[in-house]
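Beneath this line is the structure, given in structure tokens, with notes to follow.
The values are calculated or read from the model by the stated rules, or taken from the named source; none is laboratory data. In this text, all values refer to a predicted model and were calculated from it rather than measured experimentally. Cβ placement follows ideal geometry from the backbone for every residue including glycine, while neighbour counts extend to all protein chains displayed.
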Amino acid sequence: MAVATETKNNFLEMTGIRKSFANMTALQDVSLSVPKGEVVCIIGPSGCGKSTLLRTANWLTPADAGEVRLDGELVGAMPDMRSTSVQARSLNAARARIGMVFQQFNVWPHMNVLENVVCPQMVVAKRGRDIAEKKALAALAQVGLEDKKKDWPENLSGGQKQRLAIARVLAMDPVLMLLDEPTSALDPELVSGVLAVLKQLAEKGMTMIIVTHELGFARSVADRVVFMEGGQIIEEGSPNVILRSPSTKRLQFFLEKLNITAFKPKSES
């Protein structure tokens, strides 16, 4: 059974989300509510539906059933009785407020660092060059890349490329950030820089949903940890509860496989 979080004044509402690919069910009637300013980390084994759930939040992967609302406004729904043009306008307006950071950076190799952050603002947000550049420089400073503004992506480390991808999102002034395994493509020594940026954003009150395998990061940054398996939310709660005293044997087993020994099963307490 999917678990819905009952929280007042929810900023993001995902209700009854179902999604299948061919003969595989990725999400089974999942509901998730996120208040403004909350950081939610989604954990779970590979193939459990984490990334699919994240991609339905901005309707990048449309659901087969259910709906998503951002600040009360409909992002996407199935079935959707609105006209196609109204659907498109609503979705574009919502996506302009949602920043998405992928595993593989997706920076543009033919543009230097500054232009990577300036161009989306001019094309998508229709900002003038002066405003776009001012916001780009501020975003690059926020992620510690102000001294790299004239560099080309090929000269950046993996961690710097991911921070550039985050800066590009930040410059668009998102109200919600979705991050899909933002450190999975990085060498271990490069992870800390990206996690430090995300921790800083969390401290400033950015609403974020982060799919991650970095449980130490989830413990220190998340307001809530959601554990998924088989396309369902199995367990959720504060990091200190979920990662230290999981209530389901499935989550206990998952943590044991990852050699997480910081929790003590309830039977031993």
Could you tell me which numbered condition Trp108 fails, if it satisfies all but one of (1) in contact with a helix residue (DSSP H, G or I) (Cβ under 8 Å, 6 or more places away or on another chain); (2) surrounded by 18 or more Cβ atoms within 10 Å (Cβ to Cβ); (3) at pLDDT below 95? (2)
Tell me, please, whether a residue that is within 28 Å of Ser220 (Cβ to Cβ), among the charged types (D, E, K, R) and part of a strand (DSSP E or B) can be found in the range 14-26. no
Those residues of the range 27-54 which are more than 21 Å from Val175 (Cβ to Cβ) and in a helix (DSSP H, G or I) amount to Lys50, Ser51, Thr52
What single numbered condition from (1) surrounded by fewer than 22 Cβ atoms within 10 Å (Cβ to Cβ); (2) over 21 Å from Ser184 (Cβ atoms); (3) among the polar types (S, T, N, Q) fails to hold for Ser220? (2)
Output yes when any residue across the range 126-149 is of a type in the set (Lys, Arg) and touching a Ser or Thr at 6+ places or on another chain (Cβ under 8 Å), and no when none is. no
Cβ-Cβ distance below 8 Å, separation of 6 or more or different chains: which pairs start in the range 132-149 with a residue that is without any contact (Cβ under 8 Å) to a residue 24 or more places away in the chain and end on one that is assigned to a loop (DSSP other than H, G, I, E, B)? Leu137/Lys149
Considering the range 33-61 alone, what residues qualify as being in contact (Cβ under 8 Å) with a residue 24 or more places away in the chain, out of contact with any Leu (no Cβ under 9 Å at 6 or more places or on another chain) and either surrounded by fewer than 15 Cβ atoms within 10 Å (Cβ to Cβ) or over 30 Å from Leu255 (Cβ atoms) (or both)? Gly37
Please verify whether Ala93 is without any contact (Cβ under 8 Å) to a residue 60 or more places away in the chain, among the aliphatic types (A, V, I, L, M) and either surrounded by 14 or more Cβ atoms within 10 Å (Cβ to Cβ) or in contact with a His (Cβ under 8 Å, 6 or more places away or on another chain) (or both), treating the condition exactly as stated. no
Out of Ala63, Ala57, Ala26, Ala4, which single residue is of a type in the set (Gly, Ala, Ser) and either more than 27 Å from Pro182 (Cα to Cα) or at pLDDT below 95 (or both)? Ala4
So Arg168 clears everything in (1) over 15 Å from Asn116 (Cβ atoms); (2) charged (D, E, K, R); (3) buried (at least 21 other Cβ atoms within 10 Å of the Cβ) except one condition, right? Which one? (1)
Residues that are surrounded by fewer than 19 Cβ atoms within 10 Å (Cβ to Cβ), under 25 Å from the mean Cα position of the chain (by Cα), assigned to a helix (DSSP H, G or I) and not polar (S, T, N, Q), drawn from the range 126-152: Leu137, Ala138, Ala141, Glu146
For Ala222, state whether it is in contact with a Phe, Trp or Tyr (Cβ under 9 Å, 6 or more places away or on another chain) and in contact (Cβ under 8 Å) with a residue 40 or more places away in the chain. no
Hey, can you tell me all the residues within the range 138-185 that are farther than 21 Å from Cys41 by Cβ, touching a helix residue (DSSP H, G or I) at 6+ places or on another chain (Cβ under 7 Å) and among the acidic types (Asp, Glu)? Glu146, Asp151
